[in-house]
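Nothing in this text is a laboratory measurement; each read-out follows from the coordinates by a stated rule. Owing to the predicted nature of the structure, the values given are computational and were not obtained by experimental measurement. Cβ coordinates were reconstructed from backbone atoms using ideal geometry, including for glycine residues, and neighbour counts include every protein chain displayed.
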Amino acid sequence: MIRNVHASRLIEMHMSHIYPVNDYGPLMPGLVMAAVAIFHVFLAQFAVGGGFLLCYFQWLSMTGRNQYAKLFVHGYFKVLVMISFVMGALTGVGIWFTSIQISAPTIGEMVFNFHWIWATEWSFFCLEIVAGYCFYRYHDRLTDKAALTLLVLYTFAAWASLFWINGILAWQLTPGSWVESRSIADGFFNPSFWPSLFFRTIVCLTLASLAGCVLVNMIPNLDRPAQQSLVNRAAHLMAPMVAMPILGVWFLMAMPPDSRGWVLGGSPAMMLFFMISVGASVAIGGYAVIGLWMQRLYINGATATLLLLLAFGATAGGEFVREGSRKPYSIRHVVYSSGILPEEVAELRRIGCVSNDPFPLMHEPGLPNETVTLGAKVFRRQCAVCHTMEGSNAVAHLTESWDADQMRMNIAKLQQTKPFMPPFAGTPAELEALVSYILWVQDDRPSEYAVSEDQAVLQQIAKWMDEAGTQAATVTSMEREKR
């Protein structure tokens, strides 16, 4: 009953609103957002881990275990403020700016369902910023105990911010029992919450440690033994990396079976990025265990920077997998990657997906007729989040080996053609218009272009769409198993 009421509310809310996807030319919108998001995640996790590292080094200084620790704390925090606070804040705003342009329904669902969680996270973020800037401004006037207290406050707020955000991001992939209960607790503490939180925390510590090794080599007037003593201390924060394989397996097992299948070979691109992430992590962990812990080697600035770049590659690969494994959803069982709700598909096949689209096309004057223009609008509504027409992940290139009939059938049965794609959500006429638009582009965009008006073609498209159904292939497969 709760699910039906929720579905009715969502359909009523979304069916009257269309959010056009911003055109980034040859770059697909999802790629633009991914670039901003990966950079932000890297900086944000560095900020969290940096707090733990600073607390550790402040303690080393207070207890006399390392006479250079205080010098390191002051230098490291300046880097943390300039890079993480400033660039992190800019890229954080960038994520909201690009995501709203690309998939407003997805962001709308995340805010609607977890607005109090977001408010809580922002409260901790404000505390993090205030504590951080207070330390940055007054650290040279504070007692050691007061400085440590301020650093602990900063670290707690930064990690708490990660805690709250992690629940919402994990919910996108594994909503779990929330799908039925609509309970905030069920959605937040979802099946992948804990493995994801622990894994991210270890990543934070590793990034902070590697950044610390880079910084040690930049401190002036510090001899080699002093540098090595700081490097060996910073390497202590990489010790939890030994738990990464266990947490990685835990996370994989918490993923839905179809999503896990994409990562483990179902999608070559996702498997490639997964292996890049694993390989980079193994290289960093192996160097830490053998070189820094067992042999207590010194690490110079070039090597430390290389390891930090490997960590960025691991972060990028992991975030790509986390995003891609949700296909065909942006929020599993809630919003398709196209921004259309699963509950909307049947109705949109009746009334059309762009029947109330008020937004003009950027290049509409160059389109040859109304059918191609309609197809361009359908492309923007259903395809443009993940594809371009001629650029990265271009539809015109992906379909160039298909003839017109094969293209019609493959799009009509899209979730069966490519199971990580959502079902087509529009009328047969809109599908035919989309095919005309793709063929027109493949024919080098002539100024005049003839389109099919054969009703038998529309009837065949309708038959194919009925055969495919209105649900994602993964949902259909699960229901088939239950039967």
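Could you sort 404-416, 110-122 so that the peptide with the highest average Cβ count within 10 Å comes first and the rest follow in order? Spell out each step's value before the answer.
On the way: 404-416: 19.2, 110-122: 15.1.
Highest mean packing first, the order is 404-416, 110-122.
Measuring from centroid to centroid over Cα atoms, what is the spacing of region 282-349 and region 410-430 in Å?
29
At a Förster distance of 41 Å, what's the computed FRET efficiency of W194 paired with K463, Cβ-Cβ distance as r, to 0.05? Please report the intermediate quantities before stating the final value.
Details: r = 47 Å, r/R0 = 1.14.
For R0 = 41 Å, the calculated efficiency reads 0.30.
Over region 340-477, what is the relative contact order in whole percent, taking alpha-carbon pairs under 8 Å and six or more residues apart? Intermediate results must be reported in sequence, preceding the final value.
On the way: 166 pairs, mean separation 47.5, N = 138.
Reported relative contact order: 34 percent.
Computed from the mean reciprocal separation of all distinct C-alpha pairs, what Kirkwood hydrodynamic radius does region 381-431 have, in Å? Intermediate results must be reported in sequence, preceding the final value.
Working: mean 1/r = 0.0867 Å⁻¹.
Here the Kirkwood hydrodynamic radius works out to 11.5 Å.
Please give me the summed charge of the neighbours of Q442: other residues whose Cβ is under 12 Å from its Cβ, Lys and Arg +1, Asp and Glu -1.
Its environment carries a net charge of -4.
First select every other residue whose beta carbon is under 14 angstrom from the beta carbon of W159; then total the charges, Lys and Arg +1, Asp and Glu -1.
On the way: positive: R200; negative: E121, E128.
The answer is -1.
Given region 241-287 reduced to its alpha-carbon atoms as identical point scatterers, what log10 I(q)/I(0) does the Debye formula return at q = 0.14, 0.16, 0.32 Å⁻¹?
Log-scaled intensity ratios, in q order: -0.36, -0.47, -1.12.
On C-alpha positions alone, give me the angle between the axis of helix 268-286 and the longest principal axis of the chain, in degrees, nearest 10.
Tilt of helix 268-286: around 0 degrees.
May I ask for the Rg/Rh ratio of region 10-152, computed from Cα atoms with Rh as the Kirkwood radius, given to two decimals? Show your work: numbers first, answer last.
Numbers: Rg = 20.0 Å, Rh = 17.7 Å.
Expressed as Rg/Rh, it is 1.13.
Let me confirm the definition first: pairs of Lys residues in the chain, 8 or more apart or on different chains, C-alpha distance under 17 Å. How many are there?
On the way: K70/K78; K70/K145; K327/K413; K327/K418; K413/K463.
The result is 5.
Between the helical axis of 2-15 and the dominant principal axis of the chain, each derived from Cα atoms, what acute angle in degrees is found, rounded to the nearest 10?
70
Working only with C-alpha atoms, what are the Rg and Dmax values of region 17-335, expressed in angstrom?
Both quantities, over Cα of region 17-335: 20.2, 64 Å.
Quick one: length gained pulling W293 to N221 fully straight, 0.36 nm per residue minus the C-alpha distance? Can you show the working numbers first?
Values: separation 72, 0.36 × 72 = 25.92 nm, distance 2.56 nm.
Fully extending the segment from W293 to N221 adds 23.4 nm.
Determine, from the Cβ-Cβ distance of E390 and C126 and an R0 of 56 Å, the FRET efficiency 1/(1 + (r/R0)^6), rounded to the nearest 0.05.
0.80
Between V86 and V282, how many nm apart are label points set 7 Å from Cα along the C-beta direction?
Rounded to a tenth, the inter-label distance reads 3.9 nm.
Based on alpha-carbon centroids, what's the gap between region 160-204 and region 19-74 in Å, whole number please?
21
Using only Cα atoms, tell me the angle between helix 301-324 and the longest principal axis of the chain; keep it within 0 to 90° and round to the nearest 10.
Once rounded, the angle reads 30 degrees.
Which whole-Hz ³J(HN,Hα) couplings does region 371-377 yield from phi under the Karplus relation 6.51 cos²θ - 1.76 cosθ + 1.60, θ = phi - 60°, glycine and proline marked x?
5, 5, 4, 4, x, 5, 5
Multiply the residue gap between L31 and A146 by 0.36 nm, knock off their C-alpha separation, and tell me the result in nm, one decimal place.
Values: separation 115, 0.36 × 115 = 41.40 nm, distance 4.44 nm.
That works out to 37.0 nm of additional length.
Need one word for region 325-483: rounded, prolate or oblate. Basis is the Cα gyration tensor (sqrt eigenvalues a ≥ b ≥ c); a/c below 1.5 gives rounded, then a/b vs b/c decides. Walk me through the numbers on the way to the answer.
Working: a/c = 1.70, a/b = 1.54, b/c = 1.11.
Prolate, since a/c reaches 1.5 and a/b exceeds b/c.
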